[in-house]
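Take a look at the structure below.
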Amino acid sequence: MSQYQIAVVVGSIRKDSLNRKFADAIVKLAPPEFTFKQLQIGDLPLYNQDDDANPAEPVLQLKREIKAAQGLLFFTPEYNRSIPGVLKNAIDHASRPYGQSAWSGKPAGVLGVSVGAIGTALAQQHLRNILAYLDVPTLGQPEAFIQAKDGLFDEAGNIGEGSKKFLQNWMDQYVAWVKRHSA
């Protein structure tokens, strides 16, 4: 049985982030040959092309962890109908300098949770556009625009019963996507 290391990028650095909680919960639905590591993006300096020749250590660490992964899993909040700046900053750092992107070819899934009725639909679409440019094959179906409501998580922080079947299907499709693209 192959092992798959998945780099998890949570686009929120807030201590009580719903998306971090969602990331922690949904990865429990993956099979045992999948392991997940949340990457640190809050300590990255603001991207500046002048630094491409001598990137900061957190940038080098981010790129190493992405390159070591067989897949990517993004969790994005929606800020002003798009992705948060901290997420875009991380994407820019790991994609530069031009021609040396750590993202290229890594199969990805995109999720997000929000208190809003449309979940993170617009942020996810913006993120998908960015990932397409970076040559990141991204799972298209099923889409998952999750609204944070009572019952999304159970008392132990797992996915609640009302959402478990849908999100288990999403995870099963993601697992198949990663296996297909990392072979």
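Report yes if some residue within region 141-158 is surrounded by fewer than 18 Cβ atoms within 10 Å (Cβ to Cβ), touching a strand residue (DSSP E or B) at 6+ places or on another chain (Cβ under 8 Å) and outside any loop (DSSP other than H, G, I, E, B); otherwise report no.
Step one: of region 141-158, the residues surrounded by fewer than 18 Cβ atoms within 10 Å (Cβ to Cβ) are 141-143, 147-151, 154-158.
Subsequent filtering for residues that are touching a strand residue (DSSP E or B) at 6+ places or on another chain (Cβ under 8 Å) retains 147-148.
Then keep just the ones that are outside any loop (DSSP other than H, G, I, E, B); that gives 147.
Scanning region 141-158, I find at least one residue that is surrounded by fewer than 18 Cβ atoms within 10 Å (Cβ to Cβ), touching a strand residue (DSSP E or B) at 6+ places or on another chain (Cβ under 8 Å) and outside any loop (DSSP other than H, G, I, E, B), so the answer is yes.
I need the full set of residues from region 54-86 which are in a loop (DSSP other than H, G, I, E, B), in contact (Cβ under 8 Å) with a residue 12 or more places away in the chain and not charged (D, E, K, R), in order please.
Just the residues of region 54-86 that are in a loop (DSSP other than H, G, I, E, B), to begin with: 54-56, 69-70, 76-78, 80-81, 83-84.
Adding the requirement that they be in contact (Cβ under 8 Å) with a residue 12 or more places away in the chain leaves 55-56, 69-70, 76-78, 81, 83-84.
Hits for region 54-86 are Pro55, Ala56, Ala69, Gln70, Thr76, Pro77, Ile83, Pro84.
Out of the residues in region 25-77 that are of a type in the set (Phe, Trp, Tyr) and over 23 Å from Asn129 (Cβ atoms), which is surrounded by the most Cβ atoms within 10 Å (Cβ to Cβ)? I'd like the intermediate steps shown before the answer.
Taking region 25-77 and keeping what is of a type in the set (Phe, Trp, Tyr), we get 34, 36, 47, 74-75.
Within this subset, residues satisfying the condition of being over 23 Å from Asn129 (Cβ atoms) are 34, 36.
Numbers: Phe34: 21, Phe36: 18.
Among residues in region 25-77 that are of a type in the set (Phe, Trp, Tyr) and over 23 Å from Asn129 (Cβ atoms), the one surrounded by the most Cβ atoms within 10 Å (Cβ to Cβ) is Phe34.
Modelled with pLDDT under 95 and either surrounded by fewer than 22 Cβ atoms within 10 Å (Cβ to Cβ) or closer than 19 Å to Ile13 by Cβ (or both), is that true of Gly116? Outline the logic, then answer.
On the way: modelled with pLDDT under 95: yes; either surrounded by fewer than 22 Cβ atoms within 10 Å (Cβ to Cβ) or closer than 19 Å to Ile13 by Cβ (or both): yes.
Taking the combined requirement at face value, the residue satisfies it.
Here are Ile13, Ile6: which of them is in contact (Cβ under 8 Å) with a residue 60 or more places away in the chain, on the phi < 0 side of the Ramachandran plot, assigned to a loop (DSSP other than H, G, I, E, B) and β-branched (Val, Ile, Thr)? Spell out how you get there, then give the answer.
On the way: Ile6 fails: assigned to a loop (DSSP other than H, G, I, E, B).
Among Ile13, Ile6, only Ile13 is in contact (Cβ under 8 Å) with a residue 60 or more places away in the chain, on the phi < 0 side of the Ramachandran plot, assigned to a loop (DSSP other than H, G, I, E, B) and β-branched (Val, Ile, Thr).
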Condition broken by Ala117, with the remaining ones in (1) more than 16 Å from Lys21 (Cβ to Cβ); (2) assigned to a loop (DSSP other than H, G, I, E, B); (3) out of contact with any strand residue (DSSP E or B) (no Cβ under 7 Å at 6 or more places or on another chain) satisfied: (3)
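The values are calculated or read from the model by the stated rules, or taken from the named source; none is laboratory data. These figures come from a predicted structure and were not determined experimentally. Cβ: placed from backbone, ideal geometry, glycine included. Neighbour counts: every protein chain shown.
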